[in-house]
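Colleague: Structure incoming, see below.
The values are calculated or read from the model by the stated rules, or taken from the named source; none is laboratory data. It should be emphasised that the depicted structure is a prediction, and the values quoted were computed from it without experimental measurement. Quick reminder, even Gly has a Cβ in these numbers, built from the backbone with ideal geometry, and neighbours come from all protein chains shown.
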Amino acid sequence: MDFLIYGLGRWLHIGSGVLWIGLLWYFNLVQVPGLKAAGADGTAPGITKHIAPRALEFFRWSALSTWLLGAMILGDKLPAALLFQDKAYYPIGIGAWLGTIMFLNVWGLIWPNQKKILNLYQYAANPVSDAEKNVARRTAFLASRVNSMLSIPMLFFMVASGGIFRRAFFP
Amino acid sequence: MKNPLDSIWGTVICGLLLTSVLYNIVHYLY
């Protein structure tokens with residue numbers, strides 16, 4: 001059982017997290033500036049129709065699976081970590097809080113606004129106005145940038161919370 | 001004042017500063 005949770009679980013948690021944060025950085029480093037350039041020469045629809053929706057599906061589901069697998073690894077220690085009940089849980093507690101805020105940002109702000117921007121799901125038949133899209137675009141952009149910013153300390157505390165790294169950073 | 005999150009470098013610098021602040025808080029309390 002320990003092997004499943006701590007071995008397989010951690011492996012899948014990290015793999016899932018790589019997919020999630022990899023796509024987050026792809027959006028911020030590649031797609032946003034790429035769309036700006038594509039908008040100038042009229043090629044943006046190729047990205048918004050075929051690339052962005054696929055990337056967003058992997059993005060939101062990997063965010064969920066990363067969070068669930070992280071919660072599974074912490075198991076009954078999850079409340080203690082989130083409530084900082086023991087010094088040993090301080091680093092992973094910070095990492096878990098940052099990951100939780102980022103996960104809520106994905107499902108509460110980025111995904112609902114991206115659906116409006118890209119005319120997905122309920123907006124496919126009923127697109128919102130251009131004014132509403134502009135508001136959604138700015139909200140999704142800032143939420144995505146906040147997540148990019150938070151990913152830096154989140155990764156540090158995830159790495160610094162385990163094994164020899166914890167002893168190195170928090171002796 | 002411009003929002004630092006509008007640029008990639010502003011975002012990275014904010015992330016590094018936040019890491020430093022959180023690390024020092026946890027290190028102090030640890």
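Colleague: When the range A:114-161 is examined, which residues are found to be polar (S, T, N, Q) and within 17 Å of the chain's Cα centre (by Cα)?
Modeller: Across the range A:114-161, the qualifying residues are A:Gln114, A:Thr139, A:Ser144, A:Asn147, A:Ser148, A:Ser151.
Colleague: Taking only the range A:1-24 into account, find how many residues are touching a residue at least 60 places away in the same chain (Cβ under 8 Å) and over 16 Å from A:Trp61 (Cα atoms).
Modeller: Qualifying residue count, the range A:1-24: 4.
Colleague: It is to be established whether one or more residues within the range A:117-125 are among the aliphatic types (A, V, I, L, M), exposed (fewer than 15 other Cβ atoms within 10 Å of the Cβ), under 22 Å from A:His50 (Cβ atoms) and away from chain B (no Cβ under 13 Å). If you could, list the steps in order and put the result at the bottom.
Modeller: Going residue by residue through the range A:117-125, those that are among the aliphatic types (A, V, I, L, M) are A:117-118, A:120, A:124-125.
Next cut, exposed (fewer than 15 other Cβ atoms within 10 Å of the Cβ) only: A:124-125.
When the remaining residues are screened for being under 22 Å from A:His50 (Cβ atoms), the result is A:124-125.
When the remaining residues are screened for being away from chain B (no Cβ under 13 Å), the result is A:124-125.
Yes - at least one qualifying residue is present in the range A:117-125.
Colleague: Still on this structure, please answer the following. Quick one: count up the residues across the range A:71-92 that are of a type in the set (Gly, Ala, Ser) and either on the phi > 0 side of the Ramachandran plot or at the interface with chain B (Cβ under 10 Å from one of its Cβ atoms) (or both).
Modeller: Looking only at the range A:71-92, we keep the residues that are of a type in the set (Gly, Ala, Ser), and these are A:71, A:75, A:80-81, A:88.
Subset that is either on the phi > 0 side of the Ramachandran plot or at the interface with chain B (Cβ under 10 Å from one of its Cβ atoms) (or both): A:75, A:88.
Adding up the residues that qualify gives 2.
Colleague: Just one of (1) crowded, with 19+ Cβ neighbours inside 10 Å; (2) at pLDDT below 95; (3) not aromatic (Phe, Trp, Tyr) trips up A:Asn147, so point out which.
Modeller: So the condition that A:Asn147 fails would be (2).
Colleague: Taking the condition of being within 8 Å of chain B (Cβ to nearest Cβ) and over 18 Å from B:Asn24 (Cα atoms), how many residues in the range A:137-171 meet it?
Modeller: Count: 4.
Colleague: Any idea which of (1) at pLDDT 95 or above; (2) of a type in the set (Val, Ile, Thr); (3) surrounded by fewer than 14 Cβ atoms within 10 Å (Cβ to Cβ) is the one A:Ile164 doesn't satisfy?
Modeller: Of (1) at pLDDT 95 or above; (2) of a type in the set (Val, Ile, Thr); (3) surrounded by fewer than 14 Cβ atoms within 10 Å (Cβ to Cβ), only one is false for A:Ile164: (1).
Colleague: Still on this structure, I have one more. Quick one: count up the residues across the range A:15-31 that are loosely packed, with under 15 Cβ neighbours inside 10 Å and more than 12 Å from the chain's Cα centre (by Cα).
Modeller: Of the residues in the range A:15-31, 3 are loosely packed, with under 15 Cβ neighbours inside 10 Å and more than 12 Å from the chain's Cα centre (by Cα).
Colleague: Confirm whether A:Thr66 is touching a residue at least 24 places away in the same chain (Cβ under 8 Å) and among the hydroxyl-bearing types (Ser, Thr, Tyr).
Modeller: It is true that A:Thr66 is touching a residue at least 24 places away in the same chain (Cβ under 8 Å) and among the hydroxyl-bearing types (Ser, Thr, Tyr).
Colleague: Being part of a helix (DSSP H, G or I) and within 13 Å of chain B (Cβ to nearest Cβ) narrows it down to one of A:Gly95, A:Gly108, A:Gly99, so name that one. Let's see the steps before the verdict.
Modeller: Numbers: A:Gly108 fails: within 13 Å of chain B (Cβ to nearest Cβ); A:Gly99 fails: within 13 Å of chain B (Cβ to nearest Cβ).
From the options A:Gly95, A:Gly108, A:Gly99, the qualifying one is A:Gly95.
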